[in-house]
Amino acid sequence: MKNSSLCISILTCLSILVSLQFSFGLGHQTIIVEAENFDQPGGWVIDQQSIDQLGSSYLLAHGLGVPCEDAVTGVDFQKTGRYHVWVRSRNWAAGPVRSQSAGRFTLGINGQVLDSIFGQDKTEWNWHYGGAVEIQKLRTKISLHDLTGFDGRCDAIVFSTDKDLIDHQSEESLLAWRKKKDNVPAIKSGKFDLVVVGGGVAGITATVSAARLGLKVALIHNRPVLGGNNSSEIGVEMVSDLNIAPYPNLGNLTRQLDDYNKSQDKKPGTGSDQAKLDFILNEPNITFFPEMHVIKAKVINGNIRSVTAQNIKNNREQLITGNLFADCTGDGNLGFLAGADLRYGRESEAESGESLAPEKTDSLVLGATLHWKTVSSNQPVIFPDCPWVLPFSAESCQNALGGAWNWETGFQYDMVNRVEFIRDNMLRAIYGNWSFQKNHPQFREKYQNYSLHWVGYILGKRESRRLMGDIVFSQKDIDEGVVYPDACVSSRWGIDLHYLDPKNSKYFEGNEFRSISHHEQKNTHPIRTLPYRCFYSRNIENLFIAGRCVSVTHIAHAMFRCQHTTGMMGEVVGMATWICNEKKTLPRGVFSNHLEEMKVLLDKGIQRND
């Protein structure tokens, strides 16, 4: 590996205190322990998908029905004595009785297990009182003990000498304490030519293409592994065309990433996370900020000046400034924070002139997927009955040993703000279907030697927010074969629309988890090409866009959302950033004043370095 000046965010490398101490009223001591800060998470995993709704990540006991190893940490108290304990959790899948709920766990304090069982109380996030405990040592060990392996979740733990503390605080004030973070100011991380938010395929290629052209680039990503939908956490294969007209060298970088990815040993899912990290590490002009979620954008006169990112483990904040920014988050998170014009859902036929559009505008989007896999053994493997799952029958059971693209849910729900609900609905479907197959007399013999091997917990989303550029590419452009003067990123994938499977809706209306595809001319559609003007915001002057949140209608999005295509979008953004830097212009100025220089770069492409 070549020498690199890359600096992985120092916040992910340093050990920090896991508790915050406050005084509420005379003589009272209160300590907040954020679960994601635990020193040793054991078998629990950090889930940041709802950080914008909850204010922080949480620990998830994703054990596929086998209780996870304890999460353990140390807590420093200022004084010993009697403390009252609350745990913030929720009953994400309620059984017929509380003791049959899915994700139950207990809390241990210096080896003493509290009587309370958490995760079987209210279905919304809440503070569950765990009783009182005598703290006899200033340094105290606490542990989360999973009872089920079925996705119990813990957001935070509070110790207080005030037994009425939680009752006297609103949820907003409780969140405000946690946001204080010892009043530590955000760390300033220098200024960059380009700040890329989102480390999926589009974010990787945007970052590397700009870096290879000599720019100083920051890449901010909110998971521990790169790749987005193509990471081992989600496992979607990179597909669609590369290196096609009008710029056959566009796609060189994406192809190198894909080749390098596939050449490595594969983990659960698709491709190697290490290969993607190495792809970044090999570039000396990149500073990588992993496990950082952007929560604020400072905008002055229509330009982003800086972003603030929160570490998903320790919640510390980092301030990152730049000249240009690129939203490669998929959800359009940066654009949303900056006030960029955006859309969500389907345009009406009257609005868009598209024959495939619905009669009325609505909020339906393509669904999200959790892949799952099983393995076979030489002896029967038990899987428990799960009274909290979706209700299956011999008619509704899927008879499956794994699930891929058409295990899809959430079409009718908000993919950004209801991500936990959508993910949990799919977990209830996967666990429920598998439990039925394993335990029903009609199927038991067929599946008795199989066990669940891997189930995703990070949603693989297809569509959510789309950020609007100077052109909003539509089905009319596809049908009419419109070629804009700045046409650059091409696809032959065809319009690949997914809908709720009517057979699944018959049994699970409102909780559907299966889809059908209306996909004509797959990989054989005449070439259609997105213009450069789809890759920057029309009202935030220094914001580029790459990935599934580019400026297209819902219908056109279905042709340009695959990861080879989004990788080429990232390459275009990297090239345009170089033009902006050289010509002292903004993204719109590349089209208005420097389109010929841009075409020269597109024709040449970003060269492979292997």
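The values are calculated or read from the model by the stated rules, or taken from the named source; none is laboratory data. The shown structure was predicted, so the numbers you read here are calculated from the model rather than taken from an experiment. Note that we place each Cβ from the backbone using ideal geometry, even for glycine, and neighbour counts take in every protein chain shown. Heads up: the accessible areas ignore ligands, DNA and RNA and are worked out on the full protein's heavy atoms, side chains in. Shrake-Rupley method; radii C 1.70, N 1.55, O 1.52, S 1.80 Å.
With both labels modelled 7 Å from their Cα along Cα-to-Cβ, the S363 to E134 distance reads 5.3 nm. Plainly put, the range 299-419 has a radius of gyration that is 1.11 times its Kirkwood radius, both from alpha-carbon atoms, as the Rg/Rh ratio.
For the chain, the percent of C-alpha pairs falling in each 20 Å distance bin, counted from 0 to the bin holding the largest distance, reads 20, 50, 27, 2. The slack in the chain from H28 to N523, taken as 0.36 nm per residue of separation less the alpha-carbon distance, amounts to 171.6 nm.
In the calculated pair-distance distribution of the range 498-610, the portion above 24 angstrom amounts to 42 percent of the Cα-Cα pairs.
Taking the Cα centre of the chain as origin and assigning +1 to Lys and Arg Cβ atoms and -1 to Asp and Glu Cβ atoms, the resulting dipole is close to 960 debye.
Which residues' amide hydrogens lie under 5 Å from the amide hydrogen of H293, considering only partners 5 or more residues apart or on another chain, with H built in the peptide plane? Long-range HN contacts for H293: Q310, N311, I312.
The per residue volume of the convex hull around the alpha-carbon atoms of the range 35-80 is 96 Å³. Ignoring lysines fewer than eight residues from K522 along the same chain, the ones with Cα atoms less than 22 angstrom from its Cα are K461, K476. Peptide packing: for 202-208, 599-605, 500-506, the average count of neighbouring Cβ atoms within 10 Å per residue gives the ranking 202-208, 599-605, 500-506, highest mean first. Per-residue SASA remark: S376, around 80 Å² accessible (1.4 Å probe; ligands, DNA and RNA not included). For the range 277-359, the average shadow cast by the Cα convex hull is 8.6 nm², which is a quarter of the hull's surface. Sequence-ordered 3J(HN,Hα) estimates for the range 123-130 from the Karplus curve with 6.51, -1.76 and 1.60 and θ = phi - 60° stand at 7, 8, 4, 7, 8, 9, 6, x Hz, glycine and proline given as x. Computed with a 1.4 Å probe over protein heavy atoms only, the accessible surface of the chain comes to 38 Å² per residue. For the range 407-470, the fraction of C-alpha pairs farther apart than 17 angstrom is 53 percent.
Across the range 293-415, Cα pairs under 8 Å and at least six residues apart give a relative contact order of 18 percent. Using a cut-off of 25 Å between Cα atoms, the listed pairs K163/K313; K276/K313; K79/K296; K276/K296 include K163/K313; K79/K296; K276/K296 as exceeding that distance. Hydrodynamic radius of the range 187-250 by the Kirkwood approach over all distinct alpha-carbon pairs: 13.4 Å.
For H519, the solvent-accessible surface with a 1.4 Å probe is about 50 Å², rounded to the nearest 10. For the peptides 379-390, 333-344, residues were scored by their other Cβ atoms within 10 Å and the scores averaged per peptide; the highest-first order is 333-344, 379-390.
Label the range 112-170 by shape, choosing from rounded, prolate and oblate, from the square roots a ≥ b ≥ c of the eigenvalues of the Cα gyration tensor; if a/c is under 1.5 it is rounded, and otherwise prolate applies when a/b is larger than b/c, oblate when it is not. Judged from the Cα gyration tensor, the range 112-170 comes out oblate (a/c at least 1.5, b/c at or above a/b).
The Stokes-Einstein estimate for the range 121-265, based on a Kirkwood radius over Cα pairs and taken at 20 °C with 1.002 mPa s viscosity, is a diffusion coefficient of 103 µm²/s. Computed from the Cβ-Cβ distance with R0 of 25 Å, the FRET efficiency linking T585 to Q607 stands at 0.55. On the protein heavy atoms, probe 1.4 angstrom, tell me the percent of accessible surface of the chain carried by carbon and sulfur. Accessible surface attributable to carbon and sulfur in the chain totals 49 percent.
The packing ranking, built from the mean of other Cβ atoms within 10 Å per residue, places the peptides 552-558, 432-438 in the order 552-558, 432-438, highest first. Rounded to the nearest angstrom and listed largest first, the equivalent-ellipsoid semi-axes of the range 416-518 from its Cα gyration tensor are 39, 16, 14. Compared with the alpha-carbon gap, the fully stretched path from H440 to K262 is longer by 60.2 nm at 0.36 nm per residue.
In whole Å, what is the distance between the alpha-carbon centres of the range 524-563 and the range 394-433? Between the Cα centres of the range 524-563 and the range 394-433 lies a distance of 28 Å. Look at the dipole of the range 215-305 built from charges on Cβ: of I286, L253, N230, the Cα furthest out on the positive end belongs to I286. The H on the amide N of R305, modeled in the peptide plane, is under 5 Å from the matching H of K298, V299, I300, each at least 5 residues off or on a different chain.
Between D479 and N301, the distance separating the two model label sites (each 7 Å from Cα on the Cα→Cβ line) works out to 4.4 nm. Working from the Cα coordinates of the range 70-206, the gyration tensor eigenvalues give, after taking √(5λ), semi-axes of 32, 23, 16 Å in decreasing order. In the assembled protein chains, L114 presents an accessible area of approximately 10 Å² (probe radius 1.4 Å).
If you model the range 367-473 as an ellipsoid using its alpha carbon gyration tensor, with each semi-axis the square root of five times an eigenvalue, the axes come out at 33, 14, 11 Å, biggest first. Between I187 and E317, Q318, L319, the built amide H atoms are under 5 Å apart, and every one of these is 5 or more places off in sequence or on another chain. One quarter of the convex hull surface built on the alpha carbon atoms of the range 21-132 amounts to 8.0 nm², the projected area averaged over directions. Here the extension length gained between N243 and S348 equals 34.4 nm, from 0.36 nm per residue of separation less the Cα-Cα distance. For the range 34-53 and the range 447-494, what is the separation of their C-alpha centers, rounded to whole Å? With the range 34-53 and the range 447-494 each reduced to a Cα centre, they are spaced 30 Å.
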